[in-house]
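The values are calculated or read from the model by the stated rules, or taken from the named source; none is laboratory data. These figures come from a predicted structure and were not determined experimentally. So basically every Cβ, Gly included, is an ideal-geometry build from the backbone, and we count neighbours across all protein chains shown.
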Amino acid sequence: MALNWPERICAFSRSPSQFLSGNTAEAFLADLLRELRDDRLSYNDKVLLVAPLCEHSALLCPSDSVGEETAMELMSIFAQCPPKAVQFRCHLLLALTSVLVCTFCTSSDSRASLDFLELLLEIAQDTSDLHAESAARALRFTACDCLRELEACGPGLLSQRLELLSGLRQREPSCLHQSYTILYTLVLRNAVYQLTRETNAGAEHLKALLGGNTSVAWEAEQDPVPAKSKDATALFSLILGPMGRVPTLQTGADFKELRSVLSTFLEESYLLTPLCQAALLHRLTEVVSMVPAVPPAVFRAQLLRLLGTSEVCLLHSALLMKWAFTDSLFSAEDEAFILKRLVMLSQHPLLSTAEKLFYTDCILHFPENRPISSSSDGDETLPVLLTPQLASALAPTVLNDSATMLTRFKLLSLVCIEEGEGEDGKGIAYLYEHLCTLLDIVENGGSREIIVTFFRATFLFLVHFWHVERYTKSLVEKLCNLYLHHCCLAPHFINLTDQTQDKLPDSDWAARLLKDLQGVIAEASSHQIPLKDLSWHLKVLARIAEEGQILQDSTLACLSKFISPSSPSRDWRLGNNLLGVCRRLMVHPSLDSLLIPLADVLQQLACRYGETDIQDHARLYYTLLTTLSREKLSGILARGFTKGGQQVKKRLLSCIMAEGEGLTNMLTIHQTERAIIRLVEVPSEAAEDAPASPNTSIMEDCPGEADAVLAAYRAQFTDCSFASQITLNYQLMHAEAGDSGFDQLFTICLHFRLTDSNYEELSDVTVPCLIRERLLPEVKLKLKPRQPQPTTLRVSAIFTTQDGLSWFTLLPDVPVAFHRIFRPLPAPSSWGRGRKLSLFDSLWEDVSSQQNPSDCATSLFCCQLQEAALLALANKHFLPFLVSDPCPGEELKVLLFLPPQAHVLLKVRSEEDAVLFSIATDDWRLLPHVNSYLLTVTSSQGDAFS
Amino acid sequence: MSLRALWVISHEKGENASVRFSRRFATVEHRAKTLACSTYTAVPEEGVVLQLLLTELGLSDPDKPYVALRDDCLHRQRSPALELRIDSPERGVLWPVLAITQGPLIFACLPLVDAPAEPRPPLASLLSVSQGLTFLAGLQSFLLSPGGKPDSEGLASRLAMLPAVLLQVCPLGTPLDMPQLGPPAAPTAPAILGNQKHPAWKTGFHRGRAVVNVTLVETVRSMQYGNQSRQDLWDVYGTVTCKCEVEGVLPNVTVTLTLPPNGSPLQDILVHPCVTSVDSSILTSNSVDSYDGSAFSGPYKIPFSPPLESFRLCSYTSQVPVPPILGSYHLKEEENQLLVSVTLKLHESVKNNFEYCEAHLPFFNRVQMGTVELKVSSGQIDVSKEKNLLVWGLGQKFPKSREVTMEGRISFSGSTPGPSDPLCTELTAYIKLYFKVPDMTLSGCCLDQHSVQVYSAAKPRIITSRELVSKDYFIWNSTGSAPVASGQINL
């Protein structure tokens, strides 16, 4: 194995996009498949190589044809692999499943997927491993899981195999019976679901499926390829809760056959691992809810075992039964029992935090027998049976982790609201006391986590109890006290006030807090304030200044104290914070009364502040404040504050005003959410890059010495820039209809990024403008190949819109197909047909001669094509590259030149109804591309003529 | 019921984070795409997941005091299911990402949502979520066993084993079993099995001498305030652990727990999935319910068919009337000194025979201890090397009076500051007790040779043991304000 493979695989899985920017997916896939075929590699190493195919099948096989080919390839590798390499064979099965499912081959019944299905069924039935060591059973185990996944992705795939699977399950003594059980129940569930969707389907059809009696089976399924439901609804879980509707199968009063099947599964369910038991019970729950003839009571015997377990997924499966069957399986006492059990589990000392939180979530989404309100909107509601006494077991404590504490805080809040607790409610008192304990911890230097948790708990408290004056008032006092000692919490305070105002538009709590904070800062400003605290205070003051109903005199008093005349600060950031407060004050409703002190502050800043930029801004503000009318002033400032800024024009003045919002908007390059523009291919004239047109010279010249012709031709390439470039033509256009803001784009700079190393870097292309419904601008791409291989170009663009904003956008990738690299022979313009023919022959001989050890290779391509079709094909695709005359019955000679120095020579001959393409090239790497190109052109030509 | 992706992440308090293992399941992803249609969000590359997960768990940018994305008060961590908001390459929301953190490790997975995406289905309706939790817990114990402590070498070697293990337990994203440590035991020959199917949770077959080992451990926790206004709290929970080496495919074993005549019933009983039948009477008693006195009080018969490895057969809680050790702790601040007075009383029902018993007195937010003048009525006192912790070793026995005291003063005169703690400021301080009493239970729950019945041809050797251990056993200074530790409130 090449040394770098583990690294390459690792790099690929870490970031496929980054990895593929250096290699194409196609090349990487080809590399992988080649290595997998390499006999020198050990099977352990090969296991590693399969991983990318399992994890990123869709990326590596972008189309179903690639998927199909890859699957065929993998299957032949599987067939050649010795039975001993169990691990590798297992991984191959997984890769095959992934590739076929992800490329939709399984839903289109491709050859490969049918073959693969046969292979899997064959392995699943091969019990010869029973006497071998258990490792050999791994292959059968994997095959079962592949079958299960195929059925899960394409429900109904195995409906006709129910009886086969049932037999396999019954006969299997080893642990593998679990795999068959899980597979069988899934297939059964899907089969029943399918029948519920058919009109007139009933018990007979299901019986036929269970008994494998396909002659009575559903008519639509008579053909050997089973009908599969194409819509996604079959994938949805059928346990939908009280409001959901489950499709049902009418089967008459009793359905013994199905019932006995279910009983067997349930009786043996304890033989399965907990995870599989849960999956089995879930599937059987779905089946029973679809078949009303089977009473949910079949599950009764299992319930206590499930509810008594310590395994979260088993208890959950019982809860899902409750969801599906409500009072047809669970009495009111059962319901109360389950709820108590959930409360107990939510605080059980032996369970993990994640499990406990999950159980708490189950309480808040408890599937009640008779729900009063629909909880289908996903909101958390309390079950009726959750009494305050029960809920008290889940009261939050400071020793909880944050997530648990907040979840319990929310739950207890809901209980208090439900109980209609007022000012003297015990629950609210408890929650408030809890909040105060948290606050004490924060005050004593609690960690960042505790601080965040405290503010979240406070927000929860306000959302639920904002109307309980007694606590909210005292909370304001406590918070102010906290701020006084910890003003570095300012961002949390601002966030809390923002969110409370947003969530509780009817409450004035946030404004009250801000007003009191103003008082706190005013008091603090009477002493010397450290510089780092000052910026926090200014942030809070700026927030306070946004409140229309708070008087701002004391804010101004603080500002003038902060700008101490004795030692003018030079800090730009601080100055900016000062200006931020001033700017907000300039739009405050009580500006009239603030005018003079505000002007004083601005003047002081303009004259004394130690930073020129701040001085300039202050001067501008001062001028605006003292000269403009109020309306104009607020007009200018309001624009500066406008958010989003997509359609705001004339932003210049406002931008200078508001340092943050507008200006940064202008200076930032925004990113578009979708592609705005795209490049569309225009057929380029091949002649463009050729030094001279090959067809201009009609004059027949003397053929000349063959060697001399070749030498003269080759001599041209001593100039390495000779014929090394390809020009491709594109048009730039808008991508679909979209935002009218992007109708007019200016100074578009297109940047191209290569996805492989086969080409030289491309330089940027600038397009002056692109305006919808005007002439589309042309873009000429000059590509310089290092290796003439097809490629894909990543394109991005930066442009300006009419409103002056700059945008960055990604364009759809631009593929460069193989045939777009073909150039006509770059022969000197004076050469006539004779010399070219002679050059062709010499080249051919040169390439096909045995003593040439380089990259040369010859090949043959055959296809069925009539003579007429061949001529049409030559005219359509090969005209610029023809060296000989296209006469009927004659051999056609085609010379494809691929910059920088590769040639593909074709001799095309018609024989009876077949056409032979003899191929010679001086670069064997081109052969696969030539082959697929010929396949494409000949098949399309064949279609046109047949 | 399947997982779209799986990650194991390591970090050091939010820094140097890296994805140690990741696995995507392409076919499940394909299903997710089909199910979600237009609301589908692809799983981004692991670097993106890593960053988003750390932000969501509040671990990103540990040096920044406030980050809006991380710390917004509106945003409540809905653990265990997190929501990752992706900005690039495409906008979208990844939900429900399950994450379990343990020390420097994060185990995370993304279960498939097999319900319509809008409105968002409740977690409780998605089986894949609880399966994901079970699987993550299994993964956690696989990667961290046996001590539960992560060591970098052991972790690396187990991570390297993970791909092979996943092939056995979760080949295509649908977890079938939990990751198991060690090679599978000897396989069962089909001849032995006959008609009996082999349980999937049993990796092999025991051959040789039959031994059954049953251990009952009761753990007691307590919060004692020594304060009229605060009720002291304590609780007891027990776990029964078994290791059964018995022949047969599905051997039958029954463990019977009995209580003394006046014992209060065992509550909150949880049993292992291998328990074959559960009587409704043993599940009825619940600690969150009001106790009505008529509850079933044993004997508790637990029939099961054991797996090969050691496992927790059942657990319970019990309400005992008194704590095993009742303590009082008084501190008084005098200049640079603390006057200390401690009394510990051993309850008469508790066997006065400890394997160990230690009281730890840590001091936070103070400088180092200087002179320590303390008198104890029993045992001996050690000062830790860091000079901020007193360890009072009480040895194997309390004196005859069943009461020990500590009196004296400690001065804090060092120059180096000791550890800080936001809870224990000023006079808020605690004593933490560590003790273990062999061969006893607080609940009175009895387990001996006769409690274990094995239905097999060969008579097995039966070993049983009981013990009582303490955990989170706090005695708070009665002159300081102790935090409310439990939600025992009357609503």
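Looking at (1) of a type outside the set (Asp, Glu); (2) farther than 28 Å from B:Ser88 by Cα; (3) not in a strand (DSSP E or B), which is the only condition A:Gly804 fails?
(2)
Mind checking which pairs have a first residue in region A:910-933 that is over 25 Å from A:Gly889 (Cβ atoms) and a second that is acidic (Asp, Glu) and assigned to a loop (DSSP other than H, G, I, E, B), Cβ under 9 Å, 6 or more apart or different chains?
From residues that are over 25 Å from A:Gly889 (Cβ atoms), the pairs are A:Thr921/A:Asp855; A:Asp922/A:Asp855; A:Asp923/A:Asp855; A:Trp924/A:Asp855; A:Arg925/A:Asp855.
So that you can scan it fast, the table gives a plain yes or no per residue for (1) facing chain B (nearest Cβ under 7 Å); (2) buried (at least 21 other Cβ atoms within 10 Å of the Cβ); (3) at pLDDT below 90:
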residue	(1), (2), (3)
A:Leu351	no, no, no
A:Thr360	no, yes, no
A:Ile363	no, yes, no
A:Ser373	no, no, yes
A:Asp377	yes, no, yes
A:Glu380	no, no, yes
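Of (1) touching a Ser or Thr at 6+ places or on another chain (Cβ under 8 Å); (2) buried (at least 23 other Cβ atoms within 10 Å of the Cβ); (3) more than 9 Å from chain B (Cβ to nearest Cβ), A:Val288 satisfies all except one. Which?
Only one criterion in (1) touching a Ser or Thr at 6+ places or on another chain (Cβ under 8 Å); (2) buried (at least 23 other Cβ atoms within 10 Å of the Cβ); (3) more than 9 Å from chain B (Cβ to nearest Cβ) is unmet by A:Val288, namely (1).
Testing B:Ala458 on (1) surrounded by 13 or more Cβ atoms within 10 Å (Cβ to Cβ); (2) in the same structural domain as B:Gly238 (by the TED database), one condition comes back false. Which one is that?
Here B:Ala458 meets the rest and fails (1).
Identify all residues within region B:245-262 that are part of a loop (DSSP other than H, G, I, E, B) and surrounded by 15 or more Cβ atoms within 10 Å (Cβ to Cβ); write none if there are none.
Narrowing region B:245-262 to residues part of a loop (DSSP other than H, G, I, E, B): B:246-251, B:259-262.
Result: B:Val246, B:Glu247, B:Gly248, B:Val249, B:Leu250, B:Pro251, B:Leu259.
Residue by residue, here is whether (1) in a strand (DSSP E or B); (2) of a type in the set (Ser, Thr, Tyr); (3) in the same structural domain as B:Val236 (by the TED database); (4) over 29 Å from B:Gln231 (Cβ atoms) holds:
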position	(1), (2), (3), (4)
B:Val340	yes, no, no, no
B:Thr343	yes, yes, no, no
B:Val350	no, no, no, no
B:Gln368	yes, no, no, yes
B:Val372	yes, no, no, yes
B:Gln396	no, no, no, yes
B:Gly408	yes, no, no, yes
B:Ser411	yes, yes, no, yes
B:Ser415	yes, yes, no, yes
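Just checking, how many residues over region B:1-26 are surrounded by fewer than 18 Cβ atoms within 10 Å (Cβ to Cβ) and closer than 17 Å to A:Leu94 by Cβ?
So the answer is 0.
Identify the single condition in (1) without any contact (Cβ under 8 Å) to a residue 24 or more places away in the chain; (2) over 23 Å from the mean Cα position of the chain (by Cα); (3) within 14 Å of chain A (Cβ to nearest Cβ) that B:Tyr225 does not satisfy, given that it satisfies every other one.
Among (1) without any contact (Cβ under 8 Å) to a residue 24 or more places away in the chain; (2) over 23 Å from the mean Cα position of the chain (by Cα); (3) within 14 Å of chain A (Cβ to nearest Cβ), B:Tyr225 violates only (1).
Look at A:Leu895 and say whether it is at pLDDT 80 or above, surrounded by 16 or more Cβ atoms within 10 Å (Cβ to Cβ) and touching a Phe, Trp or Tyr at 6+ places or on another chain (Cβ under 6 Å).
yes
This table checks each residue for (1) crowded, with 20+ Cβ neighbours inside 10 Å; (2) among the aromatic types (Phe, Trp, Tyr); (3) over 24 Å from the mean Cα position of the chain (by Cα).
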| position | (1), (2), (3) |
| --- | --- |
| B:His75 | no, no, yes |
| B:Pro80 | yes, no, no |
| B:Ser88 | no, no, yes |
| B:Ala108 | yes, no, no |
| B:Glu118 | no, no, yes |
| B:Leu126 | yes, no, yes |
| B:Gly132 | yes, no, no |
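Does A:Glu286 satisfy the condition of being acidic (Asp, Glu) and within 34 Å of the chain's Cα centre (by Cα)?
Numbers: acidic (Asp, Glu): yes; within 34 Å of the chain's Cα centre (by Cα): yes.
Answer is yes for this residue.
Output the residue which, of all residues in region B:425-454 that are in contact with a Phe, Trp or Tyr (Cβ under 9 Å, 6 or more places away or on another chain), among the hydroxyl-bearing types (Ser, Thr, Tyr) and outside any loop (DSSP other than H, G, I, E, B), is farthest from B:Glu467 (Cα to Cα).
Among them, the one singled out is B:Tyr430.
Looking at B:Pro265, B:Pro273, which one is assigned to a loop (DSSP other than H, G, I, E, B), more than 13 Å from chain A (Cβ to nearest Cβ), of a type outside the set (Val, Ile, Thr) and buried (at least 17 other Cβ atoms within 10 Å of the Cβ)? Before the answer, list the steps.
Values: B:Pro273 fails: more than 13 Å from chain A (Cβ to nearest Cβ).
Going through B:Pro265, B:Pro273 in turn, the sole match is B:Pro265.
Given (1) facing another protein chain (nearest Cβ under 9 Å); (2) modelled with pLDDT under 90; (3) not in a helix (DSSP H, G or I), where does A:Pro396 come up short, assuming only one miss?
For A:Pro396, the exception is condition (2).
Quick check on B:Thr27: is it more than 9 Å from every other protein chain (Cβ to nearest Cβ) and either within 17 Å of A:Arg456 (Cα to Cα) or of a type in the set (Val, Ile, Thr) (or both)?
no
In this structure, does A:Phe840 turn out to be outside any loop (DSSP other than H, G, I, E, B) and in the same structural domain as A:Glu891 (by the TED database)? If you could, list the steps in order and put the result at the bottom.
Working: outside any loop (DSSP other than H, G, I, E, B): yes; in the same structural domain as A:Glu891 (by the TED database): yes.
Yes; evaluated as a whole, the condition is true for this residue.
Considering only helices (runs of 4 or more DSSP H) fully contained in region A:59-141, which possess at least 3 residues that are free of Cβ contacts under 8 Å to residues at least 40 places away in the same chain? Break it down into steps so the answer makes sense when it comes.
Working: elements: A:64-80, A:86-102, A:111-125.
Fully inside region A:59-141 and qualifying: A:64-80, A:111-125.
So if I check each of B:Lys375, B:Lys397, B:Lys332, B:Lys385, which one is basic (Lys, Arg), surrounded by fewer than 17 Cβ atoms within 10 Å (Cβ to Cβ) and within 30 Å of B:Gly444 (Cα to Cα)? First the steps, then the outcome.
Working: B:Lys375 fails: within 30 Å of B:Gly444 (Cα to Cα); B:Lys332 fails: within 30 Å of B:Gly444 (Cα to Cα); B:Lys385 fails: within 30 Å of B:Gly444 (Cα to Cα).
On inspection, the qualifying residue turns out to be B:Lys397.
Would you be able to say whether some residue in region A:330-339 is more than 23 Å from B:Asp235 (Cβ to Cβ), within 7 Å of chain B (Cβ to nearest Cβ) and touching a Leu at 6+ places or on another chain (Cβ under 9 Å)?
Among the residues of region A:330-339, not one is more than 23 Å from B:Asp235 (Cβ to Cβ), within 7 Å of chain B (Cβ to nearest Cβ) and touching a Leu at 6+ places or on another chain (Cβ under 9 Å), which makes the answer no.
Would you confirm whether any residue within region A:520-530 is within 17 Å of A:Pro589 (Cβ to Cβ), touching a His at 6+ places or on another chain (Cβ under 9 Å) and polar (S, T, N, Q)? Walk me through it before giving the result.
To start, the set of residues in region A:520-530 that are within 17 Å of A:Pro589 (Cβ to Cβ) comprises none.
Among the residues of region A:520-530, not one is within 17 Å of A:Pro589 (Cβ to Cβ), touching a His at 6+ places or on another chain (Cβ under 9 Å) and polar (S, T, N, Q), which makes the answer no.
Which of the residues belonging to region A:1-43 are within 14 Å of another protein chain (Cβ to nearest Cβ), of a type outside the set (A, V, I, L, M, F, W, C) and more than 19 Å from A:His91 (Cα to Cα)?
A:Arg14, A:Ser15, A:Pro16, A:Ser17, A:Gln18, A:Ser21, listed by residue number.
Out of B:Leu84, B:Leu54, report the one residue that is modelled with pLDDT of 90 or more and touching an Asp or Glu at 6+ places or on another chain (Cβ under 7 Å). Write out each step before concluding.
Working: B:Leu54 fails: touching an Asp or Glu at 6+ places or on another chain (Cβ under 7 Å).
Within the list B:Leu84, B:Leu54, the selection yields B:Leu84.
Please tell me if A:Leu462 is over 42 Å from the mean Cα position of the chain (by Cα) and in contact (Cβ under 8 Å) with a residue 24 or more places away in the chain. Let's see the steps before the verdict.
Details: over 42 Å from the mean Cα position of the chain (by Cα): no; in contact (Cβ under 8 Å) with a residue 24 or more places away in the chain: yes.
It is false that A:Leu462 is over 42 Å from the mean Cα position of the chain (by Cα) and in contact (Cβ under 8 Å) with a residue 24 or more places away in the chain.
Within 14 Å of chain B (Cβ to nearest Cβ) and surrounded by fewer than 23 Cβ atoms within 10 Å (Cβ to Cβ), is that true of A:Pro155?
No.
Within region B:43-66, can you find the residues that are part of a loop (DSSP other than H, G, I, E, B) and buried (at least 16 other Cβ atoms within 10 Å of the Cβ)? I'd like the intermediate steps shown before the answer.
We begin by selecting, within region B:43-66, every residue part of a loop (DSSP other than H, G, I, E, B); these are B:43-45, B:57-66.
Of everything in region B:43-66, those that are part of a loop (DSSP other than H, G, I, E, B) and buried (at least 16 other Cβ atoms within 10 Å of the Cβ) turn out to be B:Val43, B:Pro44, B:Glu45, B:Leu57, B:Gly58, B:Leu59, B:Ser60, B:Asp61, B:Tyr66.
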